[in-house]
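Scroll down for the structure; my scribbles are underneath it.
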Amino acid sequence: MAGAAHCSLQAKRLLLDPKFEGYKLSLEPLACYQLGLDAAVAEVQLRDDQYTLDHMRAFGMYNYLHLDSWYQDNVYYVDQFGRVMNLSVTLDTALQKPREVFRLPTDLTACDNRLCASMHFSSSTWVTLSDGTGRLYLIKSGKRGSSASEKWEIVFNEELGSPFIIAHSVSFVKSDAHSLAVLLLRVEKDELDTKGSGFHVTLEWVTIAERKEGDQRYEIVKRRVLQGKSVPHYAAIEPSGDGLMIVSHKPFTFMQNESEKLEENDDAKVSNEKKDPLYYWQQTEEDVAITVHLPQDITKDDIKICFSPDNICVTLKDQPPLMEGKLYSSVDHESCTWIIREDKSLEISLIKKNEGSRWPELIIGDTRGELIMDSSQCSEIAESLMHLTSDVMNPNPEKENPPCNAQELEECDAFLEDGASLCRFDGDTLKVTHIINLGSNQYLFSVVVNPREMPCFCLRHDVDALLWQPHSDQPENMWEHIATFNALGYVQASKQDKKFMACAPDYSYAALCECLRRVFIYRQPTPLATVLYNRKEGRQVGQVAKQLVATLEANDPILGFQATNERLFVLTTKTLFLIKVNSGN
């Protein structure tokens, strides 16, 4: 990550509300509809050998309900018979039963180590689908959400190794050929990891393209693998297929094949050979001594050195200057000298104009030299820094203003992801081009606002939750702050049983559900129809943000949760619930 640009997220002040007063519990009834499923959802329980936190995050907390962002209020799930079932809603009072749109060819129960089936909607007419056994299907679906035009047809299917789930996919055209890029997530046994969990996480970036012959057949053209030590919170391919963005607690790196490793080792050897210093220099409080090793054929007449109060220039024969530039500080140029020693080295002596000052560098911006310090100078520097260090963690606990008081932190302010980062990888160089250290900006959830753009991600900033839209085609504005959910960062931290979070694509509300029954909805502030006063401050309140709570009539755990502008969809093992949050226009 040495060449990566270190960036930061710039919040828009106009989207923040420092005077937000909190949510008011509303008792207004929410219309809730439920549909019994013909067959149970194809839930896959974690096995005994899937015991780590990464297994739980990737597979145990998997969202079995898939929202098709290309079509309004269109959701899908896979049932225990391997059928892909669809519910498309136009009118809540005239709900149809979920209908079968596709059936997986494989017998799901026959595979012992399978994962849950997964899918992603790459475009308005293309779907990527996995049966959880390690096989990937590329499906041409036609226009979805309507039984008349929707027909799922397999155009590619291939076994891609150990079981995986689909994290993301995009459809694009490159070099006049239609392509799809898919991101596959695996948690695999790591024999070399003896001190950690014994597992690592891989993201395989697979590119599938239409053949040049134009026979509408597809083949894999590229497979690349990233490896890390934690399940990513967010992983998405750019719409152009040229890059990848990952939010994760621990970093990911691309795995190299043997030929790439050999090339990199050769490059490293060459760069190491070039690292020998061009010159060495030492200093005292009064002067600076520079030593340059000369080639064998150089004589005194070949050397030309020009001194000035602020600059130096050293030239050998008629070659370009060996050393040239502005000195760190002024010198007495008339007293500066040079000689050639017996070992064929050139020694230059500079007299400091400001005695007692220590130079951190000789020529400003020139890194080709090496400073040599004697033991007395090293101990002098160490002694000057002694007051900044201590052998004990808190040497002066009675200090008037301690740097941090852990007792002031509340339990909901603590979370594990203190080392999380957001990285952007280039698809050609496989290197990190941009990196953001998220620090205390806890990752909350992701949402698709515009299906033609990358998914947005929501982060906690202080007490608020801020929604960020990545723009891969705008390097100067790669992550845009597009919406704020006031105090949601603080509110969600108190919900210990929360399982899923989501928000409406139009930002009108955010919602979270617990593992069982309860759903919490947080509306954006809206103007009041009646006059309301804050009695403490004696002022009129212009708008109020409402919190609503829905309790589902179900004893089964919640397996899926999705939000649209008008509705919340909640999936349990045998029932699909619809909660009407906003009325349509």
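As a rough guide to protection, the peptides 61-68, 295-302 ranked by mean Cβ packing within 10 Å, highest first, stand as 61-68, 295-302. I need the shape label for the stretch 279-367. Rule: rounded when a/c is under 1.5, else prolate if a/b > b/c, else oblate, with a, b, c from the alpha carbon gyration tensor. Judged from the Cα gyration tensor, the stretch 279-367 comes out prolate (a/c at least 1.5, a/b above b/c). For the chain, the Cβ-based charge dipole about the Cα centre amounts to some 3060 debye (Lys, Arg positive; Asp, Glu negative; other atoms uncharged).
Taking a Cβ cut-off of under 13 Å around residue 288, the surrounding Lys, Arg, Asp and Glu residues balance to a net charge of -4, with basic ones at +1 and acidic ones at -1.
For the chain, the longest principal axis of the C-alpha atoms and the axis of helix 375-384 are separated by about 50°. Distance from the Cα centroid of the stretch 14-42 to that of the stretch 52-92 is 18 Å (rounded to whole angstrom). Ligands, DNA and RNA left out, the 1.4 Å accessible surface of the stretch 208-248 is 42% carbon and sulfur atoms. When the helices of the chain are scored as -39500 (n - 2.57) per DSSP H run of n ≥ 4 and the total is divided over every residue, the value at 222 nm lands at -1500 deg cm²/dmol. Relative to the longest principal axis of the Cα atoms of the chain, helix 258-273 runs at roughly 30 degrees.
This model, with +1 at the C-beta of Lys and Arg and -1 at the C-beta of Asp and Glu, gives the stretch 279-367 a dipole about its Cα centre of some 100 debye. Computed over the stretch 279-367, relative contact order equals 33 percent, with contacts defined as Cα pairs under 8 Å that lie 6+ residues apart.
Checking every one of the GluC sites (Glu not before Pro) in the stretch 162-229 against DSSP loop status and a limit of 13 other Cβ atoms within 10 Å picks out 191, 213.
In the stretch 279-367, a dipole from Cβ-located charges (positive for Lys and Arg, negative for Asp and Glu) runs towards its positive end, and of 319, 293, 331 it is 319 whose Cα lies farthest in that direction. With all protein chains kept in place, the per residue accessible area of the chain amounts to 54 square angstrom at a probe of 1.4 angstrom.
The values are calculated or read from the model by the stated rules, or taken from the named source; none is laboratory data. The model shown is predicted, which means the values in this text are computed figures rather than measured ones. Neighbour counts are summed over all protein chains in view; Cβ atoms, including those assigned to glycine, are modelled from backbone coordinates with ideal geometry. Ligands, DNA and RNA are excluded from the accessible area calculation, which covers all protein heavy atoms including side chains. Shrake-Rupley method; radii C 1.70, N 1.55, O 1.52, S 1.80 Å.
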